[in-house]
1. Going through D52, D109 one at a time, which residue ends up being touching a residue at least 24 places away in the same chain (Cβ under 8 Å), among the acidic types (D, E) and touching a Lys or Arg at 6+ places or on another chain (Cβ under 7 Å)?
2. Would you confirm whether or not the range 179-193 contains a residue that is touching a residue at least 60 places away in the same chain (Cβ under 8 Å), of a type outside the set (A, V, I, L, M, F, W, C) and under 23 Å from A61 (Cβ atoms)?
3. Yes or no: I105 closer than 21 Å to D174 by Cα and touching a helix residue (DSSP H, G or I) at 6+ places or on another chain (Cβ under 8 Å)?
4. Can you tell me which residue is nearest to S83 (Cα to Cα) among those in the range 99-113 that are in a loop (DSSP other than H, G, I, E, B), out of contact with any His (no Cβ under 7 Å at 6 or more places or on another chain) and not small (G, A, S)?
5. For a quick check of your reading of the model, give me the residue pairs whose first member lies in the range 122-149 and is over 30 Å from A234 (Cα atoms), whose second is assigned to a loop (DSSP other than H, G, I, E, B) and not aliphatic (A, V, I, L, M), with beta-carbon atoms closer than 6 Å and at least 6 apart or on different chains.
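Every number in this text was worked out from the coordinates using simple rules, so none of it is lab data. Source: prediction; values computed, not measured. Cβ placement follows ideal geometry from the backbone for every residue including glycine, while neighbour counts extend to all protein chains displayed.
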Amino acid sequence: MKVPPRHFADGRSAGFTLVEMAVVMLILSLLAGGLSAGLGAQLARRAEASTDEALAEARDALLGYVVRKGMFPCPARSATDGSEGREAGTCQTHTGLLPWASLGIAGTDGWGRRLRYAVTPAYTRKIVALDDGDIDIFTRNGNGDVLKLTTEGGRTPAVVLSHGVNGLGATTPDGQAYPPPAVASDEAINANASGRQFYSRVLSENGSAAGGAFDDRLVWLSPNLIANRLISAARFP
């Protein structure tokens, strides 16, 4: 329906005043801001959920690989070559990127970055005994104190990690490296090339908190879980 123009007392028609236009623009900007914030939060939740799904898929693919091959794969050859870096039966490294091509999965998190992978050397050879792994997982309590999640006899043989929304320490599928995390932070320990210690803790944007800001997401496999899968498949002992 067409809205008739307003008229002054002397018969002249009038449009919106500058004040009215300002009010309209303010309302529109508030609505746009609210919609943008809501959309941003929705996209963030979607990326986080996609990352958790990718980590679960990676864990299942690794367990499937162990059942089929009797050992864990080596890390990928590079960010662009997802085959495991194994030469003459030996891994070229035990910390790097998830060998997505050898596992038959995408191997990227919800932000499109390669998943990180660390594995115990003994588990990259034919598994004849389910010995302790050599990777420890830590967390922090509400006071920031460090707590160890793994113990002797339960140290993990393998870890898969996403560097989270900030991407610090991550690698893109075309091989581009993100800036490293803050020195001595928990995220820096997760990005360390040795890959023998990892942190899994509550997400935090507080850079001054113990261990620094943290948004990494990870999964790890215990020797007991691996034993259960191999025994169920009649592949061990």
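1. Numbers: D109 fails: touching a Lys or Arg at 6+ places or on another chain (Cβ under 7 Å).
Criteria check complete, one pass: D52.
2. Scanning the range 179-193, I find at least one residue that is touching a residue at least 60 places away in the same chain (Cβ under 8 Å), of a type outside the set (A, V, I, L, M, F, W, C) and under 23 Å from A61 (Cβ atoms), so the answer is yes.
3. Yes.
4. In this case the residue turns out to be P99.
5. Note: pairs meeting the criteria are T139/S200; T139/R201; R140/R201; R140/G211; L147/N141.
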